[in-house]
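First the structure, in the form of structure tokens, and then the observations on it.
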Amino acid sequence: MPLTLAWIALLFALASALLPLLCGNRNRAIKTIAFLLLGLAGLAGIAGGGLALLQGASYNLTLPVGLPWLHSHLHLDPLSGFFMVIVGLVTVVAAVYGPAYVREYEQGPQFLLPLTIFTALFVLGMDLVLLAADAFTFMLGWELMSISGYMLVVYQHQHERNRSAAFIYLLMSHVGALLILLAYGVLAGFGDGFDFTHMAAAQLSLGWGSVAFALALLGFGIKAGLVPLHVWLPEAHPVAPSHISAMMSGVMLKVAVYGFIRFTFDLLGEVHWSWGLIVLLIGCASALLGVLYALMQHDLKRLLAYHSVENIGIIYIGLGLSMIFASNDLPGLAALGLVAALYHSLNHALFKSLLFFGAGAILQQSHEHDLGKMGGLIRGMPVTAGCFLIGCISISALPPFNGFVSEWLTFQAALQGTALKSGILGSLIPVAAAVLALTGALAAACFVKVFGVAFLGQARSKQSLAAKEAAPGMLIGQGILALLCLVFGIFPTWTVGVISNIPLMLLGVGLPEATAGGWLWLTPVGAQTASYGAPMVLLGICLAWLFVYLRLHPRRRKTSVQVGATWDCGFGPLNARMQYTATAFAMPIRRIFQPVWPIEERIEPETAENPGGGRHLKVGDWAWQKIYLVIGRVLLASAKRAALIQGGNIRVYLAYSFVTLLFLLWVIV
Amino acid sequence: MQMAALPLSEQMILTLAALILFTSFLLLAQTRIVTLIHTFAWQGALLFFATVLVAIVSGRHHLLISAGLTLALKVFFIPWQLRRLVVRLDIRRDVETVGSSSLIMIGAGALVLFSYYVALPIRELSMLSTRNTIAISLAVILIGMLMIITRRKAVAQVIGFMSMENGLMFAAVSATYGMPMVVELGVAFDVLVAAILFGVFFFQIRNGIGSLNVDHLNRLNEVD
Amino acid sequence: MNGWALAVIQAGLLAFGAPFLAGWVKWVKCKLQCRQGPSPWQPYRNLSKLFRKDIVISEQASPVFRMAPYLVFSVTALAGSVMPFVAIGLPTSAIADVIVLVGFFALARFFLALAGMDVGTAFGGMGSSREMTISSLAEPAILMAVFTLAMTVSSTNLASMISHLLVEPFQLYPSFIFAGMGLLLVTVAETGRIPVDNPATHLELTMIHEAMILEYSGRHLALMEWAAMLKLMIYGVLIANLFIPWGIALELTPLALAIGLVAITGKLAVLGVVLAVAETSLAKMRFFRVPQFLGLAFILCLLGMLSHVILEVR
């Protein structure tokens, strides 16, 4: 049954890609059909994946198509089911949000058709990756996802920026895909087969295991956006249409996380503690650098893209902890780390797509990317502001919303580091947790900045002042996600109970302790160790609020509320330029963590056309300057060297062919 | 947890060990010269208390002599001498800027972890309940060395050197209940002589290069 | 049911005792500085006066501005209600552990900072920016301190932590000394006291907390001020009960509760004196010195964790 539903999801996605082709140029019909079918694909995915996850069982299927010696294998187990639910959730919301959002593109120079086709193929590719049970099908889905992703990023190809971003994305995706292919190759070489059952049975030496692990870490890491492989992310996400950014950031990165989990926990089997440590360290670096770079951005979508790097880092911290525990024969704690990472994957998909949808609404209404030109949007767009605020609270890991639960679980997993025999690991893990705490606090600072600058205060431009509420479909989409953020924050016990089917399958141990206290209490290790009563927290806040409000309500106390001008120190009216800007807000942090960014800052002198002078501030990315540009230079230089063999003379080329022919003959004989 | 099995006096020794390590961190971070000297004196005082405690707990009364030496030299004489020098050199108000101090602190934390790792096998050899302090003393020694490397002013470097010596002393006292008396006396005498010699050298350096900043001495290579 | 009733009473006691602690610190400080000083009850008078006053709200203010005081106060009050104050073993303590407690403060701070940004003045933005900077540096230190304690007592639940310490025979944990010192420094930063922030100043360029609530008046201001006092109280109780746990009521008999109340009052009074002495003898730091101050707190907590691993295990 679940597998049938998953099939239906695939078919709906395919139909969503193909059926609009029949509609010709009628945008309305294209929109209706494509997004309706996309939503149905998402719903079917949720149903199928959810059933598989709830039942905790695996379903296998071998298709009679594929390579001659390798039929296509599909399977649906709790792990793929869980990620299928994530994909489905965001797809459904994107389908609700999309029709109103793409209205903007209908007047643009592009046709609508490519957008809907590749969106559907994108979803199809992701679902296929999740269902794949052999390397071939996996790579097929993976490439479908990557290439349709490229098409979506490059959709508005009239802008130079979009083209270069899409190129970087394509390049890095393919390097990543190559590495993943090699990683599967190593496993297949030892396991005598490209399907996952053979690969899982492969017995690898530590050396080959490390090679396979390193290849997979890099390959999936590029897609997931780990530091320093993240550079495509802040380029590609801002230029894609917003609902696509939401899906790329919320879901596509999760598919990479799925690939990593599948590879490491399922196929690789025995993990070594040092791999876990590496994952933990990379996770810490990604989390911290991601949020620090995000703080310096003033393009809203770029900022959100850097936050994806941060959250992927947090997920990898959980995975690293899980791997360390698993290699030390502590499967119960490994399950806790894994559950924390998976829970955060779900949460990140929800709040990050919510934030991207919000950014899309702002973009559509005010045509502003730049935080420096927003301000006061809460007056024009109160519903969007409310949903965006919920997204901000969730991503900043504040109770009682969902982001907090998964970070809390990660902290609890880290706290159990004392159970390790090695004191060194036992003392490195708390430091990692401190990094996580720093990350969370910086994220809160960043989202105070975002919400405060974009939605509060006075409008900094005419467009922001004139911004109106987005169309109902867009609001409903955001509302659903905001509600889900609250639901998954309030009922973590139920969620953890369901998710623990995954470690039950991968590690043989679930989290029976976590749900032992009933639906009200989440007790990951034991009731004595730590407990979190999320519903009680919400109830407590509401009760305290009610109490204070009732005690102080104006009808009882005869105090009036007057509206007056903001205090201006007696200097005359305040204007929008007197407010703190996004750059100003982040300035103390920029100064404290100065060496983290390449900062280019100068004061421009006063000139005739520029009265009062100006200030130029550019915050770059070390990864670009220290790694990618260097690699690029080396490649160009070596290409120049290699170009020497291009003599230009036809006889030289004939000689090359001749030598090759001789060589081949020699090899064959 | 074995902590509960230890008598209170030994818990005190462990606490003193931790505090000595803390003073090492303070020395590393402190930029004012006079405060630096005071912190060094405090480290000596903590070492004195630790030695006295060990002497009483273990019943080895010759340790009291070395405790007395510590008190006289490390707590009173050397700080007094250094302070006098600082006054005479008129560098009391000098504030040394330590480049990227947070990185150095993180490095020091890593050194502590490293010395724990190094000391693990040694720990197995000792049967004393205070053997856990070996890692701490090693860390104090390494941090002293780090201080010598990171500081530019000669006075701070001397203090780093002395705090290394404190670490050695503490290792000897806590891990093996003290070195033979002769060695201890010798070491104490060495330190005393060193302190006086350093005093002389300060004047020489300053007369030579007009500053106590050893960065002016970077000609220690053969390329000319 | 008895436990729930007691928990509500205890939370009320905490909330209504908080202004006294703030007043007490101020009184001791004045005495130390040879000033007459207002009586320790003055904060109550201030609050009740503010509650009775009319409110002026900026025309730029959004709903966030009007919502924030209620939210900040209720979240802080909720944080207070999960603290073991007079007794442990109350049902509320299972709602949240220390990490959630830190989360509560972060939530309150989030809205406080948003409220500062809301009316669009430079002061508010400045206060918010500084507050978020300081708190993001303080949070790792708090977590590190919590971890150090939790490693010893293998729990993050406040009630189990304290009861574990009380039940075990007395031991001198080096790690606790460091964690305690680190937590004290963080408390100073988090509750906006000298040398990080000055609760008494209204000089715009130096203030942090006051800058954010500059636009508030009437009962909104009262709630904000009260929440700040409550926060000081909660941190005080946290330090007092974690590091000097003796006296807290283990069972819910009237005698034990009375002893607990006396004990915590005494501990808080002493802590208030310590704070007053520190505030009198220190000068307010430049803002960019605060990172070093919090770095010291972090190093202390880190040393605590390391000394736990090195000295106390095995």
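The values are calculated or read from the model by the stated rules, or taken from the named source; none is laboratory data. Keep in mind that what you see is a predicted model, and the values were worked out from it rather than measured. Neighbour counts are summed over all protein chains in view; Cβ atoms, including those assigned to glycine, are modelled from backbone coordinates with ideal geometry.
A compact table of results
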{"quantity": "Flag if C:Ile248 is farther than 25 Å from C:Glu139 by Cβ, in contact (Cβ under 8 Å) with a residue 60 or more places away in the chain and more than 14 Å from chain B (Cβ to nearest Cβ)", "calculated": "yes"}
{"quantity": "Filter pass, C:Ser48 being within 30 Å of A:Gly380 (Cβ to Cβ) and either within 14 Å of another protein chain (Cβ to nearest Cβ) or among the β-branched types (Val, Ile, Thr) (or both)", "calculated": "no"}
{"quantity": "Within region C:91-118, considering residues that are touching a Pro at 6+ places or on another chain (Cβ under 7 Å) and aliphatic (A, V, I, L, M), the one farthest from A:Thr529 (Cα to Cα)", "calculated": "C:Leu107"}
{"quantity": "Any hit, region A:76-89, residues being touching a residue at least 60 places away in the same chain (Cβ under 8 Å) and in contact with a strand residue (DSSP E or B) (Cβ under 6 Å, 6 or more places away or on another chain)", "calculated": "yes"}
{"quantity": "Exclusive hit being in contact (Cβ under 8 Å) with a residue 12 or more places away in the chain, more than 8 Å from chain A (Cβ to nearest Cβ), more than 21 Å from C:Ala211 (Cα to Cα) and touching a Leu at 6+ places or on another chain (Cβ under 9 Å), set C:Leu165, C:Leu143", "calculated": "C:Leu165"}
{"quantity": "Failed condition for A:Thr493, given (1) closer than 27 Å to A:Val453 by Cβ; (2) touching a strand residue (DSSP E or B) at 6+ places or on another chain (Cβ under 7 Å)", "calculated": "(1)"}
{"quantity": "Boolean, C:Met305 is within 14 Å of chain B (Cβ to nearest Cβ), in contact (Cβ under 8 Å) with a residue 40 or more places away in the chain and either out of contact with any strand residue (DSSP E or B) (no Cβ under 9 Å at 6 or more places or on another chain) or part of a loop (DSSP other than H, G, I, E, B) (or both)", "calculated": "yes"}
{"quantity": "Any hit, region B:140-162, residues being more than 20 Å from B:Gly109 (Cα to Cα), modelled with pLDDT under 80 and out of contact with any helix residue (DSSP H, G or I) (no Cβ under 9 Å at 6 or more places or on another chain)", "calculated": "no"}
{"quantity": "Scope region A:390-402; condition within 10 Å of chain C (Cβ to nearest Cβ) and part of a helix (DSSP H, G or I); matching residues", "calculated": "A:Cys392, A:Ile393"}
{"quantity": "Odd one out for C:Thr121, checked against (1) within 19 Å of C:Leu282 (Cα to Cα); (2) of a type in the set (Val, Ile, Thr); (3) within 8 Å of another protein chain (Cβ to nearest Cβ)", "calculated": "(1)"}
{"quantity": "Count - residues of region A:544-559 that are at pLDDT 80 or above and either loosely packed, with under 10 Cβ neighbours inside 10 Å or of a type in the set (A, V, I, L, M) (or both)", "calculated": "4"}
{"quantity": "For A:Pro492: the one exception among (1) away from chain C (no Cβ under 14 Å); (2) within 25 Å of the chain's Cα centre (by Cα)", "calculated": "(1)"}
{"quantity": "Residue match in region B:5-16 (condition: under 20 Å from B:Glu165 (Cβ atoms) and touching a residue at least 12 places away in the same chain (Cβ under 8 Å))", "calculated": "yes"}
{"quantity": "Residues that are touching a residue at least 12 places away in the same chain (Cβ under 8 Å) and outside any helix (DSSP H, G or I), drawn from region C:11-56", "calculated": "C:Gln33, C:Pro38, C:Ser39, C:Pro40, C:Trp41, C:Lys53, C:Asp54, C:Ile55, C:Val56"}
{"quantity": "Of all residues making up region A:416-471, the number that are at the interface with chain C (Cβ under 7 Å from one of its Cβ atoms), over 29 Å from the mean Cα position of the chain (by Cα) and crowded, with 23+ Cβ neighbours inside 10 Å", "calculated": "2"}
{"quantity": "Single residue of region C:166-188 satisfying the filter (within 14 Å of B:Ala17 (Cα to Cα) and of a type in the set (A, V, I, L, M)) that is nearest to the chain's Cα centre (by Cα)", "calculated": "C:Ile177"}
{"quantity": "A:Leu303 being under 29 Å from A:Ser164 (Cα atoms), within 16 Å of the chain's Cα centre (by Cα) and either aromatic (Phe, Trp, Tyr) or surrounded by 24 or more Cβ atoms within 10 Å (Cβ to Cβ) (or both)", "calculated": "yes"}
{"quantity": "Residue in region A:200-221 that is in a helix (DSSP H, G or I), of a type in the set (Ser, Thr, Tyr) and within 14 Å of A:Arg262 (Cα to Cα) present", "calculated": "no"}
{"quantity": "Residues of region A:194-209 that turn out to be small (Gly, Ala, Ser) and surrounded by fewer than 18 Cβ atoms within 10 Å (Cβ to Cβ), as a count", "calculated": "4"}
{"quantity": "Residues satisfying the stated conditions in region A:185-237, i.e. charged (D, E, K, R) and touching a Leu at 6+ places or on another chain (Cβ under 8 Å)", "calculated": "A:Asp195, A:Lys223"}
